[in-house]
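Working notes for the structure below.
The values are calculated or read from the model by the stated rules, or taken from the named source; none is laboratory data. This is a predicted model, so every value here is computed, not measured. For neighbour counting, all protein chains shown are included, and Cβ atoms are generated from backbone atoms with ideal geometry for every residue, glycine included.
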Amino acid sequence: MMIAMSTGKENKSVAISFRLTESEYKPYKDILGHTELTKTEFFRNVFLNKQYTFNVKERRPVDYHRLIFYFNKASNNINQIAKRLNEDNKKGIISQKTYEKGINELITIQSNLQRLLNDC
């Protein structure tokens, strides 16, 4: 039996649901637990697109987006401090030794932030 699939932009107004036993659901639960796919996205791909293999996109840590926000704010502050250090050094307001120490500290902070970000 051949089923015609619509390719137009229709509203998804028909809900389909069914229940599985715990053992039937377990393989799907394992996959869904390691990806960012929702149940709807996953099962729609399986049933409508006959997609049985997935490129797994690992689920991000719960606070991932919050961490990115703070990393971006910290990076912005580091750039502002570096700019001020450079300006004050050129104007002779701070010594070369103070300038180099400040820049080295900023580089250390930046390296530590980058390492933490890579670990997420």
Would it be correct to say that LYS26 is farther than 30 Å from LEU113 by Cβ and at pLDDT 80 or above? yes
Identify all residues within the stretch 7-22 that are under 18 Å from VAL46 (Cα atoms) and either in a helix (DSSP H, G or I) or of a type in the set (Gly, Ala, Ser) (or both); write none if there are none. ALA15, SER17
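When you look at GLN114, is it without any contact (Cβ under 8 Å) to a residue 24 or more places away in the chain, closer than 24 Å to LEU67 by Cα, over 23 Å from the mean Cα position of the chain (by Cα) and surrounded by 10 or more Cβ atoms within 10 Å (Cβ to Cβ), yes or no? First the steps, then the outcome.
Details: without any contact (Cβ under 8 Å) to a residue 24 or more places away in the chain: yes; closer than 24 Å to LEU67 by Cα: yes; over 23 Å from the mean Cα position of the chain (by Cα): no; surrounded by 10 or more Cβ atoms within 10 Å (Cβ to Cβ): yes.
For GLN114, the condition - without any contact (Cβ under 8 Å) to a residue 24 or more places away in the chain, closer than 24 Å to LEU67 by Cα, over 23 Å from the mean Cα position of the chain (by Cα) and surrounded by 10 or more Cβ atoms within 10 Å (Cβ to Cβ) - is not met.
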Flag if ILE68 is hydrophobic (A, V, I, L, M, F, W, C), modelled with pLDDT of 90 or more, in a helix (DSSP H, G or I) and under 28 Å from ASN118 (Cβ atoms): no
